[in-house]
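These notes are about the structure you will find just below.
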Amino acid sequence: MRAATGGVASSAFDEAAMLTDPIGNLSETRNFVTAAPETSVAEAAALMLARRVSAVLVVERGALAGIFTEHDVVSRVIAAGHDPQRVLLSEVMTREPLTVGPQSTLGHALVLMHGRSIRHLPIVEDGKPVGVVCARDALDPELEDFICEERRREQFR
């Protein structure tokens, strides 16, 4: 997730600042899709494809109820022999997913994602989704170094 300025990749200082800035400030987190629990998996997959995202935030009465990812399509629908046209998100979503607030940092989010082995982390404010952090957003090698350093520091605490 390198920001480009005038065609030049950002410096390590900019990347470090990105890790400590509030996550709600990152434009990458604002590209997300929501759907109702009664949406079919086929409809959700079409939404993900159209918006070029890898997860759907499932929203009920305005509040986050769950998350459904590309991995869920494979593991909970296709491999389980379900018909994507008939199965609803409410049947296969992850309920009450781990979330962060918009004031959390990207560094904190990445450490949580790594520790829980998850690829998507919804950003929620007052129960309502306002974004999502995706592991794809964090594929920069410098971020992996940051995670290793953060884990080392946690061991000393």
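Readers should treat all values here as calculations from the given coordinates under stated rules, not as data from a laboratory. These figures come from a predicted structure and were not determined experimentally. Neighbour counts are summed over all protein chains in view; Cβ atoms, including those assigned to glycine, are modelled from backbone coordinates with ideal geometry.
Quick one: Debye curve from the alpha-carbon atoms of region 17-91 only, equal weights, vacuum; give me log10 I(q)/I(0) at q = 0.27 Å⁻¹ to two decimals.
With no solvent term, the Cα-only Debye profile gives -1.24.
Counting other C-beta atoms within 10 Å, and keeping those with at most 12, which DSSP coil trypsin sites (Lys or Arg not before Pro) do you find in region 27-102?
ARG52, ARG61, ARG86
Counting other C-beta atoms within 10 Å, which of LEU49, LEU64, LEU112, LEU121 has the fewest, and how do the rest follow?
With the fewest neighbours first, LEU49, LEU64, LEU112, LEU121 line up as LEU49, LEU112, LEU64, LEU121.
Rank the residues MET48, MET93 as a footprinting-exposure proxy: fewest other Cβ atoms within 10 Å of their Cβ go first.
Least crowded to most crowded, the residues run MET48, MET93.
Taking other Cβ within 10 Å of each residue's Cβ, how do VAL74, VAL56 sort, fewest first?
If I rank by nearby Cβ atoms, fewest first, I get VAL74, VAL56.
Which is farthest toward the positive dipole end of region 90-129 among VAL111, LEU98, PRO129, measuring Cα position about the Cα centre, with Cβ charges +1 (Lys, Arg) and -1 (Asp, Glu)?
Value: VAL111.
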